[in-house]
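Single-structure report; data block below.
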Amino acid sequence: MSWWETLKDLLGWSDEVSLKEQERLRRVSGARMEAAEELASFYNGQSSARTATAEPALEAYQLRPNDGVKVEPVPITRYETVTVTYDGLLAKAGAQQVILHWGYGPGPWRKVQEQVMQRTPEGHWEALVTLNEGGRFSFCFRDNAYNWDNNAGRNWSYEIHDGRMPW
């Protein structure tokens, strides 16, 4: 199903619905429309990577399109194992070891853990993390000399969903 067909299905549109009726449905649907627009952006490779919660995020996702941090797969579903790949400031500075420092948010992190990352043949650092809690996957990095890369004080974070549609 294309993103347009998915959007029409989410909003209850059909090809027979007039433009005026579509506009009325768009105004009435509120949160559904916002989620549908984000879904359309995701399908088009233009995801805004916003948090799905109504409160403003205290942590950032990524400052720039390529800041040396990659998480796959996204979106993240609870109980899923994700791969965190790092080639940021510490790696570029020649770190001998990189540690993923992570926990669950929002707010003060819960169940904070550290995991030693493995160097890939390509020279990146990589860790596998299974996310068994809901909320937000929040993380930063440090090296063995306790130099930190915390995204300019914002850390990185990704919303964890439970696999259900929010509407």
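The values are calculated or read from the model by the stated rules, or taken from the named source; none is laboratory data. Because the structure is a prediction, the values reported are computed rather than measured. Cβ atoms come from the backbone with ideal geometry, glycine included; neighbour counts cover every protein chain shown.
Remarks
- The residue pairs whose first member lies in the stretch 98-124 and is within 20 Å of Gly135 (Cα to Cα), whose second member is in a strand (DSSP E or B) and acidic (Asp, Glu), and whose beta carbons are closer than 6 Å, counting only pairs six or more residues apart or on different chains, are His101/Glu114.
- Gly134 vs. criteria surrounded by fewer than 15 Cβ atoms within 10 Å (Cβ to Cβ), within 21 Å of the chain's Cα centre (by Cα) and touching a residue at least 12 places away in the same chain (Cβ under 8 Å): yes
- Checking each residue in the stretch 146-164 for being touching a residue at least 40 places away in the same chain (Cβ under 8 Å) and either in a loop (DSSP other than H, G, I, E, B) or buried (at least 21 other Cβ atoms within 10 Å of the Cβ) (or both) picks out Asn147, Asp149, Asn151, Ala152, Arg154, Asn155, Trp156, Ser157, Tyr158, Ile160, Asp162, Gly163.
- Scanning the stretch 132-145 for residues that are hydrophobic (A, V, I, L, M, F, W, C) and either farther than 19 Å from Val82 by Cβ or not in a strand (DSSP E or B) (or both) turns up just one, Ala145.
- With a requirement of 2 or more residues that are assigned by TED's automatic domain parsing to the domain that holds Asp149 and polar (S, T, N, Q), the strands (runs of 3 or more DSSP E) lying completely within the stretch 89-131 that satisfy it span 110-116.
- Subset tally (residues that are closer than 15 Å to Val69 by Cβ and within 18 Å of the chain's Cα centre (by Cα)) for the stretch 91-127: 5
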